[in-house]
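Undergrad: Below is one structure. I have some questions about it.
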Amino acid sequence: MASHPRAGGALERAAPLLFVLLWSSSFIAAKVGLRLISPLLFVAIRLVLAAAVLTALALARGGFRGMRGHLIHCAIAGILLNALLLMTAHVAMTHIAAAPIALVQTLNPLLTAILAIPLLRERLSRGQWLGLALGLAGVVLVVGRAALSSRVEFSGLMLTALGVAGMTGGTLYYGRFCRGAPLLAGTAVQFLAAAAFALLGMAIFEMPHADWTGPAVVAVVWNTAAVSLGGMALYVLMLARGTAARAAGNFYLVPGTAGLLAWALLGEGLALPTLAGLAISALGCWLLGRRDKASGGAIGGD
């Protein structure tokens, strides 16, 4: 019995690194898949498959008992955390590179930390505030360059920012209303709602099309199994065991990782301002993740 707490502690310690690796890989798989599948169809299939797997697991583990009072809240959180973020990012990725999109998603920690103070009563140290400010500076550098050089890239980044606002709202909403929900059943409800929302968005805004070659299938399977199931399970675990700001802070490491993967695997170039933005954001993540010894770890788990 003593091994269980140690195993759980090991998973919690490894969760941020695993989340960063999985979430970063999703940009690469998506870029490959979007060459063959329309963006909203790609997202809808991904979320429907993830919802089906999670629902089956939840039913096998006792169903949705304990969800009373949490059902609607988890559905709202799921639409914001999954559907809105993925739909906007995938549409943007049909026009622009992966690294700038990943960098804009680092707005999530800044918005989450600022809003978590009055809404969730979380606290940050001065060093962690500096980390958030550096993260914002990295985003501003890249978005400002896009605004000056490319209207298409700027529009794509603004669309991505809309999705980030949704994820920020979903993160805070989950922290406020969903932490008492059973983890598996609550996550299944989130994905069921997100899948329904994505299907509705596809029906309204897109003429879906797909060329089901091997790379398309691999891209969908990877982003469903490794990212939507594995990555988001880790994110929800971090939200359930810690604070919203600390969980969201892991997004600062995603752009650099995604940029390097896109450069190595897809041949996407990295402009000097983008590299500078990635470096500044990585420093911000490191500062945000530090525990303030003087304050006893202000943003540690509840």
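Undergrad: In the stretch 10-47, what count of residues is obtained for those that are closer than 17 Å to Trp212 by Cα and of a type in the set (A, V, I, L, M)?
TA: 11
Undergrad: Take Trp212 and tell me if it is in contact with a Ser or Thr (Cβ under 9 Å, 6 or more places away or on another chain) and either surrounded by fewer than 22 Cβ atoms within 10 Å (Cβ to Cβ) or of a type in the set (Asp, Glu) (or both).
TA: In short, no.
Undergrad: Quick check on my filter: what residues within the stretch 14-68 are over 23 Å from Ala102 (Cα atoms), surrounded by fewer than 23 Cβ atoms within 10 Å (Cβ to Cβ) and within 19 Å of the chain's Cα centre (by Cα)?
TA: Val48, Leu49
Undergrad: Say whether the condition of being closer than 27 Å to Gly267 by Cα and touching a Ser or Thr at 6+ places or on another chain (Cβ under 6 Å) is met by at least one residue in the stretch 114-133.
TA: No, the stretch 114-133 has no match at all.
Undergrad: Considering only the stretch 239-289, give the helices (runs of 4 or more DSSP H) lying wholly within it that have at least 1 residues that are touching a Lys or Arg at 6+ places or on another chain (Cβ under 9 Å), surrounded by fewer than 16 Cβ atoms within 10 Å (Cβ to Cβ) and at pLDDT 75 or above.
TA: So the answer is 254-266.
Results for (1) within 14 Å of Val164 (Cα to Cα); (2) polar (S, T, N, Q); (3) surrounded by fewer than 23 Cβ atoms within 10 Å (Cβ to Cβ), shown as yes or no for each residue.
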residue	(1), (2), (3)
Leu80	yes, no, no
Ala92	yes, no, no
Gln105	yes, yes, no
Ala133	no, no, yes
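Undergrad: Pro208 passes all but one of (1) modelled with pLDDT under 75; (2) part of a loop (DSSP other than H, G, I, E, B); which number fails?
TA: Tallying (1) modelled with pLDDT under 75; (2) part of a loop (DSSP other than H, G, I, E, B), Pro208 fails exactly one: (1).
Undergrad: Scan the stretch 171-202 for residues that are surrounded by fewer than 21 Cβ atoms within 10 Å (Cβ to Cβ), not basic (Lys, Arg) and not in a helix (DSSP H, G or I) and jot them down.
TA: Gly180, Pro182
Undergrad: Based on what the data block shows, is Leu84 in contact with a Gly (Cβ under 9 Å, 6 or more places away or on another chain), surrounded by 22 or more Cβ atoms within 10 Å (Cβ to Cβ) and modelled with pLDDT of 85 or more?
TA: Yes: the conditions hold for Leu84.
Undergrad: Mind telling me which of the residues Leu124, Leu115, Leu111 ends up being outside any helix (DSSP H, G or I), closer than 22 Å to Leu172 by Cβ and touching a residue at least 40 places away in the same chain (Cβ under 8 Å)?
TA: Only one candidate passes the filter, namely Leu124.
Undergrad: I'd like to verify a number: residues in the stretch 126-178 that are of a type in the set (Phe, Trp, Tyr) and under 14 Å from the mean Cα position of the chain (by Cα), how many?
TA: 1
The values are calculated or read from the model by the stated rules, or taken from the named source; none is laboratory data. A quick note: this is a predicted structure, and the numbers were derived from the prediction, not measured. Cβ atoms come from the backbone with ideal geometry, glycine included; neighbour counts cover every protein chain shown.
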